[in-house]
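The values are calculated or read from the model by the stated rules, or taken from the named source; none is laboratory data. What you see is a predicted model; the values in this text were computed from it and never measured. Cβ sites come from the backbone with ideal geometry, for glycine too, and all protein chains shown count toward neighbours. For the accessible areas, the whole protein counts, side chains as well, though only heavy atoms, and no ligand, DNA or RNA atoms are used. Shrake-Rupley method; radii C 1.70, N 1.55, O 1.52, S 1.80 Å.
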Amino acid sequence: MKRPRGIRLRWLSCLALALWATGAQAQLRTYILGDRAQPWSEGGGLVEPVRNTGSIFSARLDTGNVPGDDIEFFARPGWISPRFFDGQTNIASLVIDGPGRIRAPNSLNIPPSLLKLQLEGIINGDHDIAYERKPTTFQPEMPAFGIWIILDFGRQVGVKGLRFYPRNTIEATSQTPFEDDFLRGFELWINPEVTNSAEGFPDVLVERRPDNDDAVVQIDIDPRYVRLVKLRSLTETPFEIDELEVIGSGYMGEGTWVSDLIDLGGGATVGPVSWRESVVGEEAFSSTQVRVRTGDDDTPLRFQQRAAPEDPFGLDSVLVTEVDAETYWDLDITDRAGVVDDVEHWSEWKTVDNGGLIGGRLPRQFVQFEIGFAGRIADTRQLDWLQFDYLQPPIADTLRAEVFPRRSQVEERATFRYAVQLRSNGDILGFDELEVDTTVPVENIRDVTVNGVPVSFEVAYSRHDAFRLLLPLIDGDGDVLEFAFDLPVFRFGTTFSGRVVNSRFARVPQRLEAGNAIDFGPGDFADLSNLFVAIPEERIGKLVGTIALSGEVITPNGDGINDDVLVQFNLLQLVDVAPVRFEVFDLAGRRVANIDIGERSLGPVDFSWDGTGSDGRLLTPGTYVWRLVVAADAFDEEHLGILVVAY
């Protein structure tokens, strides 16, 4: 569904800066989608979106912001959400307005064009056209029993009732006085999916009336999601249907809004994307997903023409050339080679977190957003606004980074070298801060150089998840920042991703791209340049590293010698915190002590046990079995050992 066009480039006085840097005027701007002055319904830009909703060779282009007609603009002014129905609205026309269809598969004796006209007439509000199963002079045989009318919405919609009737009932139509030609017997079925009994999606019978006396049939159901509505005749009596109404209720289960192509006016470093959302109903049953892609031009599709090969008998029997859209549609269909995504000038769609940076290649001139909603009839999300800052000229045109070595023994402290190469094609701002993601705090950051020359630096912070360096300005084409640091690796695929900042525009960092930044020497192969560090395959999947106990015998007698046992180990592979507990059992298998260590994250863990049981008293002397349990999302891992208590 096409919406009116508009563009929003809001200049906030507190954010719009004009500074001279590297011979260019640096400007920090804020782009806002969805405020009152520029509502979501306007699409956010001057360049309308375009996507191929057909196949490569049978292209069908859509240029709307709401491809599925499933976004609500008006239920809460200024916000968007999945489309909402108030329980009073007939939504049957969605079958032909959206991806659905209406059909009557066993309606014989009616020409296809007339059948199409009649079927669309019973869901579009036209009270002059009805679906008829009545004999005529030209067609005296018109069987009525067993006739199916099937509405397929093509997706799930909330429904709370259905109504159908002949002409001259709900709406007076004196030219068609057929109020007595109502359906005298019927079955009504619904299904939230495409009918497939074998896969657990059989049709559900809502009502069966073999003897119906009501010209206007009103059927109420508990609000639920429905995709298929199936009406079957159970009468031989001729009948007609003026309208088959479906009463919508609640929010649609899914909805997608697509922005226009947002033209930033040139290559730009784009800062974190943030938005404000509201939860309707229960939060656990709804979600919002924001995706983004970036491009170098205003055409994210490539239109291709078949061309004759130079050698018709050669290996290249078919050649393809790129043409503009106008030329493509003027071609004979046999000369069209298809419409495909332009992966050379546009990135793939990538999900972005609220407050997170855009993935993919940057800087680029064009940005496009896709917002997807998911929920239930009474549970959904609403979005108020989405915004991001962007910086021109960019920090750099390319920032490639790599770490070396790219394989390390798990739990062993190792030295890593890190390099970032800056490239520029014109005016840039450069950077003087670098932040690198880690899984544990790093140590001994050293040997910081630019183009091999030592430079001064400061460590702004070193946390368990990242460290940050303050540097002199690095802004030359081909400049390479290099340094070393130490830390142990605790997880397979540990990624030292990072971002740089020009301190004058701290809110707009630029993400590093993994790639070949420098030759680290022997063992560094350019094609393998990356920001991953792997561990040996035999350690992949283990949650707990080597477990070290200060001793296997404890003597809790208060003399200060072996009064408790110190347990130390490393947690590996975790991507989130996990609960850890230490249990002690006697030789009869009874648990006598339970120590809840709490939720711990990746890295070292240590705790002590003083021989006290669950009842708060010291255990009696003897041999005991200890068990360490880590409960991750995917599985629990446990380790056993022997411990002796003696006095």
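Inspect segment 410-432 for any residue being of a type in the set (Ser, Thr, Tyr), open to solvent by 10 Å² or more (accessible area, probe 1.4 Å) and either within 31 Å of the chain's Cα centre (by Cα) or within 14 Å of LEU469 (Cβ to Cβ) (or both) and give the result as yes or no.
Going residue by residue through segment 410-432, those that are of a type in the set (Ser, Thr, Tyr) are 415, 418, 424.
After this cut, where a residue has to be open to solvent by 10 Å² or more (accessible area, probe 1.4 Å) as well, the list is 415, 424.
Those left that are additionally either within 31 Å of the chain's Cα centre (by Cα) or within 14 Å of LEU469 (Cβ to Cβ) (or both): none.
No, because not a single residue in segment 410-432 is of a type in the set (Ser, Thr, Tyr), open to solvent by 10 Å² or more (accessible area, probe 1.4 Å) and either within 31 Å of the chain's Cα centre (by Cα) or within 14 Å of LEU469 (Cβ to Cβ) (or both).
Counting residues that are closer than 28 Å to ASP220 by Cβ, which strands (runs of 3 or more DSSP E) fully inside segment 236-293 reach at least 2? Spell out how you get there, then give the answer.
Values: elements: 239-241, 243-251, 254-258, 262-280.
Result: 239-241, 243-251, 254-258.
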**Asked** Quick one: ASP606 ticks every box in (1) in contact (Cβ under 8 Å) with a residue 12 or more places away in the chain; (2) of a type outside the set (A, V, I, L, M); (3) in a strand (DSSP E or B); (4) over 30 Å from VAL442 (Cβ atoms) bar one, so which box is it?
**Response** (4)
**Selected residue (criterion: farthest from ALA631 (Cα to Cα)) from residues of segment 559-589 that are open to solvent by less than 60 Å² (accessible area, probe 1.4 Å), touching a residue at least 24 places away in the same chain (Cβ under 8 Å) and out of contact with any Lys or Arg (no Cβ under 9 Å at 6 or more places or on another chain)** = ASP563
**Request:** Sort through SER81, SER107 and tell me the only one that's closer than 28 Å to ARG276 by Cβ, among the polar types (S, T, N, Q) and either within 23 Å of the chain's Cα centre (by Cα) or modelled with pLDDT of 85 or more (or both).
**Result:** SER81
**Request:** Starting from segment 134-149, take each residue that is touching a residue at least 60 places away in the same chain (Cβ under 8 Å) and farther than 30 Å from GLY100 by Cβ and list its partners that are part of a loop (DSSP other than H, G, I, E, B) and open to solvent by less than 70 Å² (accessible area, probe 1.4 Å), counting only C-beta distances under 7 angstrom and pairs at least six apart or across chains.
**Result:** PRO135/MET142; PRO135/PRO238
**Request:** Please enumerate the residues belonging to segment 177-192 that are open to solvent by 20 Å² or more (accessible area, probe 1.4 Å) and either assigned to a loop (DSSP other than H, G, I, E, B) or closer than 15 Å to GLU240 by Cβ (or both).
**Result:** PRO177, PHE178, GLU179, ASP180, ASP181, ARG184, PRO192
**Message:** Being β-branched (Val, Ile, Thr) and open to solvent by less than 20 Å² (accessible area, probe 1.4 Å) is true for just one of ILE71, ILE129, ILE102, ILE110. Which residue is that?
**Reply:** ILE71
**Asked** Of the residues in segment 494-514, how many are open to solvent by 10 Å² or more (accessible area, probe 1.4 Å) and either touching a Pro at 6+ places or on another chain (Cβ under 7 Å) or more than 24 Å from GLY355 (Cβ to Cβ) (or both)?
**Response** 1
**Prompt:** Would you say THR334 is under 30 Å from GLY271 (Cα atoms) and open to solvent by 60 Å² or more (accessible area, probe 1.4 Å)?
**Reply:** no
**Asked** Only one of these conditions is not met by PRO135: (1) over 37 Å from the mean Cα position of the chain (by Cα); (2) part of a strand (DSSP E or B); (3) more than 21 Å from VAL217 (Cβ to Cβ). Which number is it?
**Response** (2)
